[in-house]
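Okay, so here's the structure we're looking at.
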Amino acid sequence: MASSKPPASSSAAAVDAEVVIVGAGIGGLATALALRRVGVGVARPGGVLVLERHPELRSTGAALTIFPNGWFALRALGVAHKLTSRYDAFETSRVTTLETGETQVFRFAGDKSSDDVRVRPMHRKALLEALAEELPAGTIRFSSKLVSISTETAEGSPDIAALRLDDGTVIRAKVVIGCDGVHSVVAEWLGLSEPASSGRSCVRGLSVFPDGHNLKKELRQFLSEGLRAGMVPISDTDVYWFLVNNTIGAEKEAGADPVKILREVTDNLGRNMPAEYLDVVRHSDHGNLSWAPLLYRPPWAILRGPAARGPITVAGDAFHPMTPDMAQGGCSALEDAVVLARALSRTDVPPADCVAAYVAERRGRAAWLVAGAYLSGWVQQGGTNVRGLWAYLVRMFRDWIFYRFLFPKLADTMWFDCGDLVPRTEDGKRHLE
């Protein structure tokens, strides 16, 4: 795995880099790989540096689903084949409303189809490792926490970003990309608004059946008042499950304690869920359990907010955090990586202008995905914290209109192809040719 640790005497160290990426999650690793594919920073060691505050790659979230737009990006990155060979494709979603017992079946990939681009759930760690394996040794600097950002201006030269780490190291870079998640230090420095609460939270888990689970390869969802639960097999032994709830005080009381989280799901929130779902929950791996609020950045803040300042910008959750209701957090980060690397491959344009072009290209789609995910989650939940007649009308809309007519249209937007990594000039040649 491509990695490095700060030297023991790093408190007085000074480092220069072409590009610094803050965060070694999906967006950070994909961006580093995309830059390498287009030749940015490959001329010298340390040209592209990824800072990760944890001592190793994070696998928080246990699993994720990659939709067609994510696979288009992974093909551009050159790693899709490493994952499609390991994970089976799924097309069917089966949704049961517990109060009525009615079940609807639909394709969660929308109305479009393809033989070679399919929807696949996978272990998050597998995606991170597939990306990291393609990076040269020393690209990722673990245990490196960013504490401050500043810019240095020299007459006649582009601005240089100076990053200070908690160990005293100062890194100077021509471009800085914040891929440091929902509570991004880079986004805060840029002046982007704080993510807002959706009023909902989500428990996520990964269950392991050593002798096999015998579940059908489809996404099963169960709807009840103020709740949406689901489960999907990832392999013959592993099942990813989730439970989305209107945020309650017990979430803070449970904290990160897996025993308390499971007890809250089985004995309280999910006690009326089907036995097959509760059986999956009880097989949970305690090391892959989380319960966290679902946050998002409002679409208008994405469209108008300061997502770049000179050569400094953000990508993935740091740019456009969204609720997971359309499974687009990871996929949109992969899109960002390809578009940003393509912009930065323009050697005839100053870095700040490349960054500005990337932000301009991504704002509209990112805002749309955030809005679509929020709408999808709000409707499927039966309305967040609504009661009486309004709750009844929302559920009617969900059961009779949303799943049958609107969700397929939303899903069709997940077939977006972000394109090749290297842009082409008007005469058809690549900029690096």
**Report entry** Number of the condition not met by residue 57 [criteria: (1) within 27 Å of residue 415 (Cα to Cα); (2) modelled with pLDDT under 95]
**Finding:** (1)
Query raised in the report: Does residue 287 meet the test of being out of contact with any helix residue (DSSP H, G or I) (no Cβ under 6 Å at 6 or more places or on another chain) and over 24 Å from residue 378 (Cβ atoms)?
Result: yes
Query - Flag if residue 109 is crowded, with 20+ Cβ neighbours inside 10 Å and either closer than 23 Å to residue 337 by Cβ or among the small types (Gly, Ala, Ser) (or both) - result: yes
Report summary line: The one condition residue 68 fails out of (1) in the same structural domain as residue 404 (by TED's automatic domain parsing); (2) out of contact with any Asp or Glu (no Cβ under 6 Å at 6 or more places or on another chain); (3) modelled with pLDDT under 90 is (3)
Requested in this report: Can you give me the ranges of the helices (runs of 4 or more DSSP H) entirely in the stretch 230-338 with at least 2 residues that are within 30 Å of residue 131 (Cβ to Cβ) and in the same structural domain as residue 40 (by TED's automatic domain parsing)?
Outcome: 299-304
Query raised in the report: Among (1) surrounded by fewer than 21 Cβ atoms within 10 Å (Cβ to Cβ); (2) in contact with a Lys or Arg (Cβ under 9 Å, 6 or more places away or on another chain); (3) modelled with pLDDT under 95; (4) among the aliphatic types (A, V, I, L, M), which single condition is residue 43 missing?
Result: (2)
Report task. Out of the residues in the stretch 114-155 that are small (Gly, Ala, Ser) and more than 27 Å from residue 241 (Cα to Cα), state the one that is surrounded by the most Cβ atoms within 10 Å (Cβ to Cβ). Result -> 144
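The values are calculated or read from the model by the stated rules, or taken from the named source; none is laboratory data. Computed from a prediction, not measured in an experiment: that's the story for all the values here. Backbone-built Cβ (ideal geometry, glycine too); neighbour counts: all protein chains shown.
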